[in-house]
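Notes follow the structure.
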Amino acid sequence: MQHIKRVVDNALDKKAEAFNAINIVGPKGCGKTRTAKERCKTIIEFQDEEKRDGYLAVAQTSPKLFLKNPKPILFDEWQDATKIWGTIRKDCDDHPENVGEYYLTGSSSKKVETPHTGTGRITEVTMLPMTLWETGESNGQISLSNILTDESYDFDGVLSSLKLEDLFFTVCRGGWPRCMALKNNNAKLEIAKDYYKQIYLTDISAVDGVKRNPEWARSLMWSYARNMATKAKKSKIFADVKATQNVSDVTLDSYVQKLEELFVIRDIDAWTPQIRSKTAIRSGKKHIFVDPSIGMAALGLGPDYFNNDLDLFGHAFENLVLRDLLVYASAHNARILHYTDDTGLEADAIYQMADGRYALIEIKTGENKIPDAEKSLLKFKEVIKKHNEEASKNPEHPRAKYREPSALIVICATATMGYTTDSGVKIVPIGCLKD
């Protein structure tokens with residue numbers, strides 16, 4: 001299969017100019033090894049059965065021999081030969097000027113402790129499943145970063161050909177590179193299902209060698225799927241599991257930790273500026289899967305189910321958009337957050353750049369929801385503006401001000417055209433979005 005350039009390549013390029021070695025981490029099957037292979041002249045694969053014994057013998061007795069090969073060098077499944085980490089770290093110490101020489105990839109289900117962290121020498125880059133732009137379902141004609149950084153950026157009139165039924169399929173198939181090599185759509189749906197089963201049957205125990213109950217893990221993932229892209233409290237999620245399983249909160253907490261280490265689930269943090277001094281910010285985290293297809297597999301649902309349940313699709317679609325936003329943000333040293341307070345003021349996502357610029361984002365399924373989303377975003381901006389005006393009233397004792405958003409964006413599943421409303425809100429079809 002032809003290599004598909006990934007968004008994370010931009011981040012890897014930047015890291016390769018500053019660090020000697022890069023450890024690429026992320027969920028199983030997201031394309032870590034293939035991406036690293038494209039950058040390396042020498043590839044050491046410890047899972048290659050024909051060479052494994054020889055490689056392991058060298059790694060155990062004289063791992064420095066590997067470093068004599070043409071660089072950059074990829075060490076795939078390096079956890080099978082843990083001395084490699086220390087060997088690379090020592091070489092980085094000895095030759096700090098030689099950047100971008102080593103890449104490490106491995107299984108998320110095999111966590112090992114290293115005697116040294118590699119701080120300042122071996123950096124870490126997280127890779128996620130493919131975005132809609134990478135899979136080709138988005139035409140990539142609207143750049144999120146350009147919206148924030150270029151006031152003259154104009155995408156009005158750009159068209160999207162992505163249909164709702166396409167998105168029904170996409171949230172169940174997921175962004176797994178393996179799917180790109182398959183022609184049959186039903187076969188593509190099997191990839192996420194198999195990955196899901198491997199998580200609760202094998203990986204949840206293999207990650208640190210501690211035997212865990214597969215049924216507890218399965219039930220926990222099912223409950224997370226029921227609450228995907230929401231701020232449900234853990235007590236609610238755990239209550240779902242304990243309704244059928246005899247398990248404690250402490251144990252379930254440990255399972256959640258392992259699912260996070262496996263890059264299965266992830267929390268979106270809350271944006272917490274005190275916009276109104278008497279307003280309580282709901283700082284709970286928003287729960288998502290690193291790919292919505294895992295959640296759909298956990299619920300046992302396929303694309304046709306959404307014909308009669310657009311509400312659930314709305315949650316799955318928000319999870320998909322947040323996945324893509326996380327990938328795009330990582331390429332530009334940005335963060336993805338969310339906001340809700342007790343007055344009803346909210347933003348499904350906040351894309352915050354390193355220089356402080358940010359966009360307030362609403363995520364909607366239908367075009368009919370765009371006016372409400374626009375109204376909500378404008379209200380949010382007005383609250384920030386009024387807060388700043390109040391903060392400036394007493395020049396002797398000024399209060400903290402907050403930067404106004406650089407953009408107000410509605411990302412819509414069914415929008416057929418990108419445009420800017422009269423009030424300045426950017427309407428972006430998901431079928432046009434890229435980083």
**OP:** Could you tell me which of the residues LEU201, LEU128, LEU189 is open to solvent by 10 Å² or more (accessible area, probe 1.4 Å), assigned to a loop (DSSP other than H, G, I, E, B) and not charged (D, E, K, R)?
**Re:** LEU128
**OP:** Return the residue satisfying two criteria in turn: it lies in segment 292-309 and is in contact with a helix residue (DSSP H, G or I) (Cβ under 9 Å, 6 or more places away or on another chain) and over 20 Å from GLN198 (Cβ atoms), and of such residues it is most open to solvent (accessible area, probe 1.4 Å).
**Re:** ASP304
Subject >> Condition met for LYS386 (farther than 26 Å from ASP166 by Cβ and at pLDDT 95 or above) >> reply: no
**OP:** Filter segment 8-53 down to residues that are at positive phi and open to solvent by 40 Å² or more (accessible area, probe 1.4 Å), then give me how many there are.
**Re:** 1
Original post:
Is it fair to say LEU56 is open to solvent by less than 10 Å² (accessible area, probe 1.4 Å), touching a Phe, Trp or Tyr at 6+ places or on another chain (Cβ under 8 Å) and of a type in the set (A, V, I, L, M, F, W, C)?
Top reply: no
Original post:
Out of segment 218-258, which residues are outside any loop (DSSP other than H, G, I, E, B), out of contact with any Asp or Glu (no Cβ under 9 Å at 6 or more places or on another chain) and of a type in the set (A, V, I, L, M, F, W, C)?
Top reply: MET221, ALA225, ILE237, ALA239, VAL241, VAL250, LEU252, VAL256
**OP:** Check every one of the helices (runs of 4 or more DSSP H) wholly within segment 1-89 and list those with 3 or more residues that are farther than 27 Å from GLY174 by Cβ.
**Re:** 52-61
Original post:
Out of all the residues in segment 60-67, is one or more of a type in the set (Lys, Arg) and free of Cβ contacts under 8 Å to residues at least 60 places away in the same chain?
Top reply: yes
**OP:** Could you please find all residues in segment 102-143 being at pLDDT 90 or above and among the hydroxyl-bearing types (Ser, Thr, Tyr)?
**Re:** TYR102, TYR103, THR105, THR123, THR126, THR131, THR135, SER138, SER143
Subject >> Filtered residue count, segment 67-97, keeping only those that are under 13 Å from ILE122 (Cβ atoms), surrounded by fewer than 17 Cβ atoms within 10 Å (Cβ to Cβ) and modelled with pLDDT of 95 or more >> reply: 0
Original post:
Hey, among ALA192, ALA181, which residue is at pLDDT below 95 and closer than 30 Å to LYS5 by Cβ?
Top reply: ALA181
**OP:** Filter segment 13-35 for residues that are among the aliphatic types (A, V, I, L, M) and more than 16 Å from SER108 (Cα to Cα) and give the result.
**Re:** ALA16, ALA18, ALA21
Original post:
Which of (1) surrounded by fewer than 20 Cβ atoms within 10 Å (Cβ to Cβ); (2) free of Cβ contacts under 8 Å to residues at least 60 places away in the same chain; (3) among the hydroxyl-bearing types (Ser, Thr, Tyr) does THR230 not meet, given it meets every other one?
Top reply: (2)
Subject >> Test: ASP348 is in contact with a strand residue (DSSP E or B) (Cβ under 7 Å, 6 or more places away or on another chain) and on the phi < 0 side of the Ramachandran plot >> reply: yes
**OP:** Output the number of the condition that LYS369 fails; it satisfies all remaining conditions of (1) in contact with a Pro (Cβ under 8 Å, 6 or more places away or on another chain); (2) under 28 Å from ARG403 (Cβ atoms).
**Re:** (1)
Original post:
Residue check, ILE281 against (1) touching a helix residue (DSSP H, G or I) at 6+ places or on another chain (Cβ under 7 Å); (2) at pLDDT below 95; (3) surrounded by fewer than 20 Cβ atoms within 10 Å (Cβ to Cβ); (4) β-branched (Val, Ile, Thr), all met but one. Which one?
Top reply: (1)
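The values are calculated or read from the model by the stated rules, or taken from the named source; none is laboratory data. The structure presented is a predicted model; accordingly, all values stated were derived computationally and were not measured. In this analysis, Cβ positions are derived from the backbone assuming ideal geometry, glycine residues included, and neighbour counts consider all displayed protein chains. Remember, those area values only see protein heavy atoms, side chains included, never the ligands or the DNA or RNA. Shrake-Rupley method; radii C 1.70, N 1.55, O 1.52, S 1.80 Å.
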